[in-house]
Amino acid sequence: MSEAVKQTKAKSRKKGRVVFNPFRRFFYEVLGGGFLARYFSWDQTKYLLFLVVIAFFYIGNSYYIEKLAREIDKLNREMKELHFEYVSVKSQVMFESRQSELVRKLKKTGITESIEPVQKIVVKSNTMP
């Protein structure tokens, strides 16, 4: 072989091994920085930044929705508790306002139940408005 061929083979060995696999080649270009030095990547930076911003909004929106769902669940539990309290207080008021309970409570104070029947009062008016 000639001396020039030997030198080119030696230079190619010094540069590193040649990668033929497209995945490996892309991987080495990305890690080596060659990916960013290409004209294609500079054209796409606006688009990539737009995708990153959309991804941040998507993540933020999912966190907001989860927070909102937890708050709705908390309010639903509180509403159920208040409804149960309302039902129990209502039943207690109904029990306390029964005639027999009122008679029992007022017996201690000396007020008794009326024995006379209720009379209807009718007012006759002669003048027409």
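The values are calculated or read from the model by the stated rules, or taken from the named source; none is laboratory data. Keep in mind that this is a model prediction, so the values were computed, not measured. Cβ sites come from the backbone with ideal geometry, for glycine too, and all protein chains shown count toward neighbours.
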Fill in the blank from the handout: (1) surrounded by 10 or more Cβ atoms within 10 Å (Cβ to Cβ); (2) within 30 Å of V30 (Cβ to Cβ) all hold for L68 apart from (2)
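Looking at the stretch 14-23 only, could you name the residues that are at pLDDT 75 or above and either under 42 Å from the mean Cα position of the chain (by Cα) or part of a helix (DSSP H, G or I) (or both)?
P22, F23
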Fill in the blank from the handout: Checked against (1) out of contact with any helix residue (DSSP H, G or I) (no Cβ under 9 Å at 6 or more places or on another chain); (2) surrounded by 10 or more Cβ atoms within 10 Å (Cβ to Cβ); (3) not hydroxyl-bearing (S, T, Y), I115 satisfies every condition except (2)
Handout entry: Qualifying residue in the stretch 24-44 (condition: modelled with pLDDT of 95 or more and of a type outside the set (A, V, I, L, M, F, W, C))
Key = no
